[in-house]
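Accompanying notes for the structure given below.
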């Protein structure tokens, strides 16, 4: 069974234990789960997230530690500190870098972050650009998120020519405010019913339990 779902799920395990149980039970479908205790790793370990992460790892699901890069404005050391805390506190074996720039001028900055993420133990590295970046970013990560937005905006997405030179497994679309049955076109994807400002407090339609 292919692992096609990349799930950013940001609700606290103590607040939605049933949803976390559902997520863990869906392990065979999961490309990975983005762990985001406090818009990053936070200032201290959270035991509930640590337990959830341990159970995901036991189910052979990659745990991707969330770190915001603020489109290149956040200092390198701050991003790396988040990644190291995810590794040390939650056993994260992957990294999800958010708000990643698309500009080729920032490639050196993100190349350094990519090297640092691998050194911090990230077997799986995801860059969330939210749009198609310069093609130079394709060699930096295992997965590029080239769309993050609403289902209403999704029909406007057009892949640039350079994407044809890469395997489809390199690209991911994260879609929210999506109706039941919505299916993004990328091999790895996630479509959730939640809406802004907190869409990633819902699971994909396929997994979302009754609330």
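Quick note: the coordinates plus some simple rules give every number you see, no bench work behind them. Owing to the predicted nature of the structure, the values given are computational and were not obtained by experimental measurement. All Cβ positions, even for glycine, are placed from backbone atoms using ideal geometry, and neighbour counts span all protein chains on display.
Let's test this: bin the Cα-Cα distances of segment 117-211 at 5 Å from zero up to the farthest pair and state each bin's percent.
For segment 117-211, the pair-distance distribution reads 3, 13, 23, 21, 17, 13, 8, 2, 0.
Normalising by the residue count of segment 5-201, find the relative contact order in percent from Cα pairs under 8 Å and 6+ residues apart. Could the numbers behind the result be given before it?
Working: 385 pairs, mean separation 31.5, N = 197.
The normalised contact order for segment 5-201 reaches 16 percent.
Identify which of 62, 168, 193 has the largest mean-square fluctuation in a Gaussian network model of the chain, with springs joining Cα atoms closer than 10 Å.
Result: 168 has the largest fluctuation of those listed.
Rank 121, 139, 130 by mean-square fluctuation in a GNM of the chain with C-alpha springs under 10 angstrom and give only the top-ranked residue.
Between 121, 139, 130, it is 139 that shows the largest mean-square fluctuation.
I'd like to compare 23-32, 179-188: which one has the highest average count of other Cβ atoms within 10 Å, and what's the full order after that? Mind dumping the intermediate values first?
Values: 23-32: 18.4, 179-188: 15.3.
By packing density, highest mean first, the sequence is 23-32, 179-188.
Would you mind computing Rg(Cα) / (2.2 N^0.38 Å) for segment 5-201, counting N as its residues? Let's see the in-between values first.
Details: Rg = 15.9 Å, N = 197, 2.2 N^0.38 = 16.4 Å.
Against the empirical 2.2 N^0.38 Å value, I get 0.97 for segment 5-201.
So if I take the centroid of the Cα atoms in segment 109-134 and the same for segment 158-211, what is the distance between those two points in Å?
Segment 109-134 and segment 158-211 have Cα centres spaced 20 Å from each other.
Please give the peptides 199-205, 53-59, 102-108, 152-158 ranked by average Cβ packing (other Cβ atoms within 10 Å per residue), highest first, as a rough proxy for protection.
Values: 199-205: 19.9, 53-59: 17.0, 102-108: 14.0, 152-158: 11.0.
Going by the mean number of other Cβ atoms within 10 Å, highest first, we get 199-205, 53-59, 102-108, 152-158.
Mind jotting down the distance between the C-alpha centroids of segment 76-107 and segment 2-75, whole Å?
So the two Cα centres are separated by 14 Å.
In the Gaussian network model of the chain, springs joining C-alpha atoms below 10 Å, which of 33, 80, 192 carries the largest mean-square fluctuation?
Fluctuation is largest for 80.
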